[in-house]
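Enquirer: Here it is, the structure, as structure tokens.
The values are calculated or read from the model by the stated rules, or taken from the named source; none is laboratory data. Note that the coordinates shown come from a computational prediction; the quantities given were computed from them, not determined experimentally. All Cβ positions, glycine included, derive from the backbone under ideal geometry; neighbour counts span all protein chains shown.
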Amino acid sequence: MRRFTVRELQKKPRECVDAAQDETVVITRYGKPVALVLGMAGHDHESVGVQLDSGLWRLVETRRQAEGLPLKTLRSRLPDVEGALRPRRTPGRS
């Protein structure tokens, strides 16, 4: 993680953006963190947005704390899909 002050960001924005492509950059004001700069090279806007969505992470945390089902129980509740996934034969064709 690299740190830039607000003043450094104003003087060297390109250096800050370039650094953010390799590591998380924290912007500080009076020694306290005020912003993050995240590089997006090689990522699309939607993927980054989903990763930063606090609502999504609250949901994930809630689900992690919830009691889950054992795999055996889950399989017993699902229909048998093995046959449904095989291609069907058309009469008269081989």
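Enquirer: Please state which of the following conditions Ala35 fails to meet, knowing it meets all the rest: (1) of a type in the set (Gly, Ala, Ser); (2) assigned to a strand (DSSP E or B); (3) at positive phi.
Expert: Result: Ala35 passes all but (3).
Enquirer: Given the structure, is Val81 exposed (fewer than 12 other Cβ atoms within 10 Å of the Cβ), of a type outside the set (Phe, Trp, Tyr), in contact with a helix residue (DSSP H, G or I) (Cβ under 7 Å, 6 or more places away or on another chain) and at pLDDT below 85? Break it down into steps so the answer makes sense when it comes.
Expert: On the way: exposed (fewer than 12 other Cβ atoms within 10 Å of the Cβ): yes; of a type outside the set (Phe, Trp, Tyr): yes; in contact with a helix residue (DSSP H, G or I) (Cβ under 7 Å, 6 or more places away or on another chain): no; at pLDDT below 85: yes.
Here the answer is no, as Val81 does not meet what is asked.
Enquirer: Within the stretch 25-43, track down each residue that is among the small types (Gly, Ala, Ser) and either exposed (fewer than 10 other Cβ atoms within 10 Å of the Cβ) or within 12 Å of Val6 (Cα to Cα) (or both). Before the answer, list the steps.
Expert: Of all residues in the stretch 25-43, those among the small types (Gly, Ala, Ser) come to 31, 35, 39, 41-42.
If the condition is that a residue be among the small types (Gly, Ala, Ser) and either exposed (fewer than 10 other Cβ atoms within 10 Å of the Cβ) or within 12 Å of Val6 (Cα to Cα) (or both), then Gly31, Ala35, Ala41, Gly42 are the ones that fit.
Enquirer: If you don't mind, there's one more thing I want to ask. Could you check Thr62 against (1) surrounded by 10 or more Cβ atoms within 10 Å (Cβ to Cβ); (2) at pLDDT 90 or above and say which number it fails?
Expert: Among (1) surrounded by 10 or more Cβ atoms within 10 Å (Cβ to Cβ); (2) at pLDDT 90 or above, Thr62 violates only (1).
Enquirer: With Gly55, Gly42, Gly49 as the choices, which residue is modelled with pLDDT under 85 and not in a loop (DSSP other than H, G, I, E, B)?
Expert: Numbers: Gly55 fails: modelled with pLDDT under 85; Gly42 fails: not in a loop (DSSP other than H, G, I, E, B).
None of the other options fit; the residue is Gly49.
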